[in-house]
Amino acid sequence: MGRILILDDDPLVLQSVDRVLKKQGYLTQVARNAQEAIEKAAQEPFDLVISDIRMPGKNGVEAVREMRKLFDEKVKKDIPIVFITGYAEMSDQLKAEQLGEVILKPFDVARLIMTVREYL
Ligand SMILES: [Mg+2]
């Protein structure tokens, strides 16, 4: 299955990642903030989450931790996480690396697709 949730506060990134992945045949949903992403994660399981790190309010690391908890309760498995980030505090980046893979912005579309294919 290829259900992907994309979380980013930057609408341009959200839109471009969404478009690229839809073109590859994945079923995508987008969220502009942590709360929206967590709500979507509570409604349906995803096979992969792509998340920004720096966002106003809850950051991507915190959002992913909450989503992981939800997925764990619902589907009893770890969902792969790919972070896409520009600048992030080193401490946040290290936390992100413990949860999943980190791709730095500006990112290469081919690299993103390759990374997603590794998991799905
Ligand atoms: Mg951001």
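Data for the structure
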{"read-out": "Per residue, in Å², the accessible surface of region 3-119 once ligands and nucleic acids are set aside, probe 1.4 Å", "value": "53 Å²"}
{"read-out": "Gain in span if fully extended, LEU70 to MET114, counting 0.36 nm per residue against the direct Cα distance", "value": "13.2 nm"}
{"read-out": "The chain - charge dipole about Cα centre, Lys and Arg +1 at Cβ, Asp and Glu -1, debye rounded to 20", "value": "320 debye"}
{"read-out": "Spacing of the two label points (7 Å from each Cα toward its C-beta) at MET90 and ALA42, in nm", "value": "3.7 nm"}
{"read-out": "Interchain or long-range residues, amide H under 5 Å from VAL30's placed H", "value": "ILE6"}
{"read-out": "Within the accessible area of region 3-119 (1.4 Å probe), percent carbon and sulfur", "value": "51 percent"}
{"read-out": "Cross-link pairs LYS58/LYS105; LYS23/LYS58; LYS76/LYS105; LYS74/LYS105; LYS23/LYS95 - those with Cα-Cα distance over 28 Å", "value": "LYS23/LYS58; LYS76/LYS105; LYS74/LYS105; LYS23/LYS95"}
{"read-out": "Given charges at Cβ of Lys, Arg, Asp, Glu: region 51-120 dipole, positive-most of VAL116, LEU70, ILE103", "value": "LEU70"}
{"read-out": "Range in the chain, longest, excluding exposed trypsin sites (Lys or Arg not before Pro) [loop by DSSP; at most 14 other beta-carbon atoms within 10 Å]", "value": "1-75"}
{"read-out": "Where the Cα pairs of the chain fall when distances are cut into 5 Å bins, in %", "value": "2, 12, 26, 27, 22, 10, 2"}
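The values are calculated or read from the model by the stated rules, or taken from the named source; none is laboratory data. Keep in mind the model is a prediction, meaning the values are calculated, not measured. When we count neighbours, we look across all protein chains shown, and the Cβ atoms used for this are built from the backbone with ideal geometry, even at glycine. For accessibility, only protein heavy atoms count, side chains too; no ligands or nucleic acids. Shrake-Rupley method; radii C 1.70, N 1.55, O 1.52, S 1.80 Å.
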